[in-house]
Structure formats: structure tokens, C-alpha cells
Amino acid sequence: MRYNEEELFAQGEQRTFTGSALKEIAFPLGGIGTGTVSLGGRGNLRDWEIFNRPGKGKVLPYTFPAIFVRKSSGDTLARVLESRLLPPFINGGGLPPQEVCGLPRLENAVFKGEYPFAHIRFVDSDLPVDVELTAFNPFIPLNEKDSAIPAAILRYRVANKSGERVDVTLCWSMMNPCGYDGAYPPARRGSAFGQQKNDFIDDGSFRGIRMTQSKYPADDLRFGSCALVTTHDNTTHIEAWTRGGWWDDAQAFWDDFRADGEFTDNGVHDPSPDDTADIASLGLKVSLAPGEAAELPFVFTWYFPNRENYWNREEEVRGAKLRNRYADFWSDAWDVARYVVNNLGRLEAESRQFADALYRSTLPRIVLDAAGANMSIIRTTTCLWLDDDRFYGFEGCRDDAGCCPMNCTHVYNYEQALAFLFPRLERTMRITDFTNNVEENGKMAFRTHVPLGRTLHKFHAAADGQMGCILKLYREYLMSGDLDFLKLVYPGAKKSLQYAWTEWDKDQDGVMEGIQHNTYDIEFVGANTMMGTLYLGALKAMEKMAAILGDQEFSATCAELFQSGFEKHSQKLFNGEYFVQDCDVETAPRYQFGSGCLSDQLLGQWFCEVVNLGCVLPPDQVQKALESIFRYNWKPDLSRHESVQRTYALNDEAGLLLCTWPHGGRPRFPFTYADEVWTGIEYQVAAHLIYEDMLDEGLAIVKGVRDRHDGIARNPWNEFECGHHYARAMASWSLILALSGYHYSAPEKTIAFAPKVNASDFRCFYSTGSGWGVYAQQLTSSGLAAKIGVTWGELELQRIEVGIPSDLAAASAVVEVGGKRVGCSVGREDDKAIITLASPVKINAGEELELNIS
């Protein structure tokens, strides 16, 4: 298989990166819909994407950290506070001066990331102090505002390891970028700049440099502000570097800083000249006795409220002015800085609570690595949160622009992270799907045009996306229990399902045979279970939702069609090993898969596992098909794999191919992407394997993905497909759901856990629509002791389901909340103990529900 069980199931600390493995690391720092700046593995800030568009490779000129140290004996040292630059060093004009490549740096660094926190330990034999850096942006599930702060927080810890007192100045320099729109490589000089002002301000609880401009009005795309502040009392600063020719400004800065760690006022305090951006520097000073340590914090904030639709060609929306949601919360970057400083203790504590709940789990660390790294996508430039309070997402991002806009229904079929971490934002996507994007005949536009209401995407309906949206709607209802929300979107959902009966399943037998546009950007013809399982899942979901709203006739119709489709898919498409496409590839239009083994053939069944809808195909056939997908499509070594398509995995790397033809029958021109490897599909299949108790196989796929993202070949915090930070990769969150056996229903006040690993001593993060926390259990031969702790929000329950071994009889149960006993009854269904409380109980933040079954 390539991996042993110890590698697959290992728990504990996340991996670290050092040396050459630091090269590709870019850890995104920023909030939901704010853009990000990334912390590089060496301690640098890179990929400045705060200007309302992607900016891979974009570095702000002369924006870097530096450290000055003076021993009491008089010896001094100054360094750029980054580890050394890594190859290649090829540039026809030499390495760029604006990145001060020629200044000395530290020998090495050790990087560890547990999103949203990154940690760097710097290594240098000449430095008489040890320096470590912790960087983060607040990330608190369910708390949207505090997870949408346009800020990056960097906290350095400096410890004196020498035998004498040392004086230290730790400095960040930063170019004032106000006026820059992110569309071209940033430079110190350009027509966008001029009339910029850097002001040092002491605001009492914090102090630093406020960066503004007066060149552009408040509604201009280039309008905005930045701030570089600290809560440290002892500071030195320079508002603007000396304005000189060639590299005089950088030379003057370095000579001044290198001399004594203090900045001398150079007299430059006026706005910058036309076509010029100024550089400011803020230094934090501390004196340390031998063995003494201090923390030196920097807070970067930004405020660029205006954006435009640059991605659509349709004249109704192209160029339309848009506004970020965070602009409703704060008035400028200084206002953001004040909010961060005044709330920093709480913001960091609650973010730490989440990180501890997630990463101190007993789940395999490769799973936590995958899920944790990819939830960062929510806060990259892939995603937008606009002032209409709707969440939008590209599929991914090119280096300098979003790609494949917007809210693509078939790609977001795979995404689970937003739905479970910020479910209200996910619900806004369903509102858009069903109240804005459904035509009168039920056809759903599978891409969203913003601003809403001006025009709809004109193309085929996407069969997988349209059916998947119904399953997503059911998920959102389970998470929220919001009946008003369900009533609002139900008419559009009903039309969407009925559209299938006029377009894809015209004979209404529960099987789609029509032309089915899908996530491979082509059209399948004939019955297949990729579309079929999504269709059957949508029928099951609509059967339930229609019944809830009293639409009994429609509910019955859905149930009847489901039963027909369940039988026909099984009888018609299962070949004894896996499910095929009912299609003659010789006569059908190009780009079919016919007798191939498709990795996505059980896509809808995976989603039904996530939302606890049960089987949409016979369980034995599902099990066999998953075994076949792994047997035929998983390649532990791709060295001999042949593909002329896009390449995402290669050489001796492992990967899951989208499709293979193990028994022949490959079309002359198979469907586009068939020979590719996509991480989102790898995670979907891996989670489904885990749901079906094939843990070794599922975890092998996960490890294969994460091993490819090793800091040398790829960035561990950027899984790309058609663009960086690709939304499909958020399928990785379902790995946590599968391994914990987690399900939740707000309407039924029911929560369920059935751990598939470490059941005897288990601990795992969980989240609902109203609260989140940690589930823990200890299982022995005499019983089970479990705790459902609420860390943030609240949780109302009346029914608890826990997995127990078949040889353990659930004779009695005791439930307590806050030390008070709660009346309950206990029963058993298959391998689950069912505890029903006499009446609903509410668990508040900081409380636990304790359950003992004997």
C-alpha cells in the first residue's frame, strides 16, 4: 500500500518544516472576505493579497523585519529577521534590491502550522538571543465578525541566551501601499502613488504608524488605509525613509538601524510626492538580563473596502462596484487596529480554544493536517463576503485574479468546511441558489453573477450541481433547524428537482438518462451513478423536507421515484465490481467514461453519509465499488502513469486518478481530466472509505495528498486545481465527520458520535449551528463514559446516540449537566446506544453534558 499503519494512524504534534522545505510555505493570514498576506516559511511576509484580488508572488517593496542586538560588552549585530534566502538565485538583473536580498539573514528556521496559528523558531549561532514567532488571525467558528478581521498578528518572543545583558530592537519596515490595486507587481514608484501620509500615533493602549492617502475618494477602488501598530511601550520609529535616488533610502535606513537600533528623525513628515510610496519603520526596544525573555507584538491591519466585478464578461455586471462586508464593521485600518488591541486577549483565547479542540484530538494527525490546512481556503481570495451579507466563492484563484466565478454549484458540492464552521454564511449560498438563481422552469444557474438580480449565467444546467444543492439545503436545515429559512428556499428547491423530470429523467423512473453537464466541464449521456447518487440523495432529502412543510403529495412522489431509482441503478449499472455508465462510447458524443471505474461514482452516497440519509444504493455494492476505486484508481507511484492532461501529481508521488479502465474499453478520447489527480476528489473518496470502515485505504489517500504538499514541491496551505486554494479541497473536513461518526440534527435536538479510531479513549472537535466544543469518551468492557463539552455558544439536546460494541448491552444510563442529574431512558439500535432525555436540556459555554452507560 506504500504506508504502514503507524504512519497512517499516528497522533500528536503536526509536522515541522526546515531548510529547503521552507521554500514554498505561505501561511495565509487574514479574515473572511478580507484578503490575506502570507507568512513565508523563512519569517517573511509574501503574497500580498489584501487588495481585493489574488497576488501570488507579489511582495511589498522594502517590507521586512530586522533585529538589532547590543551586548553590555559593546558588541553589536544586525540582521534581517528571516532565515536565509533559498535557491534559485537566477534573475537577469540580479536579485531585487527592494527585497534587500543582500543584507545578512539568520542561518535557518523551523516552521510549524496549526491553522490559524503558525510558529517559527529561528536558528542562528551568532545571535545572542533566541527568537520565536507566533502569527495568527482570529478564527472562531460561528463568530463571523471576529473571524473576518483584516489583520495579521505577529508576536515575537526574544530570550537572552548569553551571559550578559543585551539591548534588543526588533523592527518592521513597511511600504505604504495605499492607492495600489493589486493588479500589477507592486513597486516603490508608480502612477497609483502620491499624497500618501505616514503618521506615528500613540493611542494610549497602542501606538504605531497610520498609513493613509488623500489621492482617491472614498468610493474609489484604490481608496484605503493600513496600520502597523504595537502594544509595546518602548518604541522607536521613522515615519518615512529618506527620499533619495538609487538605493540611498535603504542605505540610510540600514546605517541608522545598524548603528544603535534607534531611529533618528530625518525630517520627512510631509505627504509623499507624486508617483512615490513612502516606507515607514517601527522598532520595539527591550533590555534583557541573562535568561530573561520578552514578547514583542506587531499588528498589521488594512482597510480596502471597495472592489469591482472584474471577472465576468457580461455587460450587466462587469465593472460593477462592490463593497466588502468588513467595511460595515470598521471605518478604517486604525479603527481595525483599535478593535484588535482592545479585544486581543479574548480573540486569541477563543482562537486558541478552537485550535486546541481541533489539534489536540485523538484523530490521526494527517487528517487534522488536511482538514486544518484546507479550512484556510474560507479566508483566502477564493472567497468573498460582501455587504449584501452573502458569501460568494470562486472555484479557486489564478496568480492575479479569481477563476471560474462564482459559487459554482458542482464544485461546492464537495466543500464541507464552511458548512460546519460558519453555517450561517453557508446558508446565504443556499438563499442565492434557490431564490436568485432558479428560473421559472426550475433550471438553476450553476454560477452566480454579482451584483445579484441583474443577469443569470447562461449555459447548461449542471445536473450534479443542481441535485447537490438540494442535499446541501438539507444539510443547512439540519445544522440550523431554521424553519423560516426552509420555507423561504423550498419553492425554488422544489422547482429545481422538478426540472430534472423535464430535462434529465423524462420518464420519471428515478434514473437520469438525459444530457448531464457536470463538474468535468463536459456532458455525460446515459445513466451513471455519479449523477444518479446525487439525484437519489436529492429525492430522499426532498421527501423529508416536503413532509416537514406539509407537502405530502410531493413527498410521496419523491419516495416513489427514489425506490425506483434505487433498484434500477443497481440492476442496470453494477458490473460486479463497480458502477459503469450506460453509454456506447463509440456512438455517443465525445468525453464519456463508459465501462471505466470513476472515482466520483459514489459522490451522492458520500454526501448522504455526511447528512445521515442512509443508503441510496445497495450497501454490498457500495462496499465493493469503493474497494474497486481504491484497487484500480489509487496509484502509490505515478512514475509510469501516462497523461497529456494537466498534471497535479507526478514522478514517485502517490495519487488517486479520476478514472481508469481496468478491463479495457477506454474511449479514444476519454472525458476531460480523466487522467488527472484532484485533491478534493481524493478527500471525498477517502472519507467515504472511512465511512465504510476501510480506514487503511482512506488514510493512505490522505497521506498521499499531504506528502505531496511538503514545502519543497508545494505549499502545505495551498491545494490547487483550477486555481490556488481550490474550494473542492474543503471536502477534507468530511474526514473528521467520518472518523468521529458525527451527525447532528437541530430540528430533532439530536447529536451522534461513533468513533472509528481510538474509541477506548477518544477526543474530537465538533460543531453545530449554535455552538461548538469537544466530545470525549472512554470505553471499557463495563461501559462508556462520555462528555459533550460546549466551548463556544450553546447546544440544546434531547437525544444522544453513541456507538458501542455489539457485545456491550446498554442496561442503564446516567446523564448530568452542570452537576444536575437529567432523567433519561436508554435503548439500542444495532451498534448504537440511544439515550432519550425526559425533556430538552441546554448546555451553555463552559458546561458539559456527562453521560455514563453501564
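Observations, loosely collected:
- Apportionment of accessible area to carbon and sulfur, segment 180-237, percent (1.4 Å): 50 percent
- Estimated FRET transfer efficiency when R0 is 35 angstrom, pair residue 794-residue 112 (beta carbons, to 0.05): 0.60
- Taking 15 Å as the cut-off, the amide N atoms of segment 33-61 that come nearer than this to a point 7 Å along the Cα-to-beta-carbon line of residue 308 belong to 52-53.
- Exposure rank, largest accessible area first [7, 476; 1.4 Å]: 7, 476
- With the convex hull drawn over the C-alpha atoms of segment 248-348, the volume per residue is 219 Å³.
- Extension gain, residue 214 to residue 258, is 12.5 nm, computed as 0.36 nm per intervening residue step minus the present C-alpha separation.
- Charged side chains reduced to their Cβ positions (Lys and Arg at +1, Asp and Glu at -1) give the chain a dipole of some 460 debye around its Cα centre.
- Neighbourhood net charge (10 Å Cβ-Cβ; Lys/Arg +1, Asp/Glu -1) for residue 235: 0
- Backbone geometry of segment 522-539 corresponds, through the Karplus equation with coefficients 6.51, -1.76 and 1.60 at θ = phi - 60°, to 3J(HN,Hα) couplings of 9, 10, 7, 10, x, 5, 7, 8, 4, 6, x, 5, 5, 5, 5, x, 5, 4 Hz, x marking Gly and Pro.
- Each stretch of four or more DSSP H residues adds -39500 (n - 2.57); spread over every residue of the chain, this sum gives -8000 deg cm²/dmol at 222 nm.
- Note on residue 646 and residue 712: the extension gain reaches 21.8 nm, defined as 0.36 nm multiplied by sequence separation minus the Cα-Cα distance.
- Using the Cβ-Cβ distance between residue 754 and residue 498 with R0 = 30 Å, the FRET efficiency computed as 1/(1 + (r/R0)^6) comes to roughly 0.25.
- Based on alpha carbons, the Rg and Dmax found for segment 497-603 are 14.2, 47 Å.
- Residue (of 488, 455, 477) at the positive-pole extreme of segment 446-502, dipole from beta-carbon charges: 455
- Fraction of accessible area attributable to carbon and sulfur, segment 2-125 (%, probe 1.4 Å): 48 percent
- Accessible-area composition of segment 507-556, carbon plus sulfur, in percent [1.4 Å probe]: 46 percent
- At R0 = 25 Å, FRET efficiency that the Cβ-Cβ distance of residue 620 and residue 7 yields, to 0.05: 0.25
- Full-stretch length increase - residue 199, residue 233 - with 0.36 nm per residue and alpha-carbon distance subtracted: 10.5 nm
- Restricting segment 424-520 to trypsin sites (Lys or Arg not before Pro) in coil, as DSSP defines it, with at most 10 other Cβ within 10 Å: 458
- The Rg/Rh ratio of segment 1-143, with Rg taken over Cα atoms and Rh as the Kirkwood radius over Cα pairs, comes to 1.02.
- For segment 551-635, averaging the sequence separation of C-alpha pairs within contact (under 8 Å, six or more residues apart) and dividing by the residue count gives a relative contact order of 32 percent.
- For a label point 7 Å along the Cα-to-beta-carbon line of residue 590, residues of segment 650-675 with backbone N under 14 Å: 667-674
- Of the residues 846, 765, 55, the one whose Cα sits farthest toward the positive end of the charge dipole of the chain, with +1 on the Cβ of Lys and Arg and -1 on the Cβ of Asp and Glu, is 55.
- Under 13 Å, Cβ to Cβ, from residue 25 - net charge with Lys/Arg +1 and Asp/Glu -1: +2
- Per residue, in Å², the accessible surface of the chain once ligands and nucleic acids are set aside, probe 1.4 Å: 34 Å²
- Unsatisfied cross-links (Cα-Cα over 24 Å) in the set 215/285; 749/787; 703/756; 756/842: 215/285; 756/842
- Farthest toward the positive end of the dipole of segment 278-433, out of 380, 357, 279, is the Cα of 357, where the dipole comes from beta carbon charges about the Cα centre.
- With both labels modelled 7 Å from their Cα along Cα-to-Cβ, the residue 15 to residue 101 distance reads 2.8 nm.
The values are calculated or read from the model by the stated rules, or taken from the named source; none is laboratory data. On a predicted model such as this, the values are computed, not experimentally measured, just so you know. Because the Cβ atoms are built from the backbone with ideal geometry, glycine has one as well, and the counts that use them run over all protein chains shown. Surface accessibility is based on the protein's heavy atoms, side chains included, excluding ligands, DNA and RNA. Shrake-Rupley method; radii C 1.70, N 1.55, O 1.52, S 1.80 Å.
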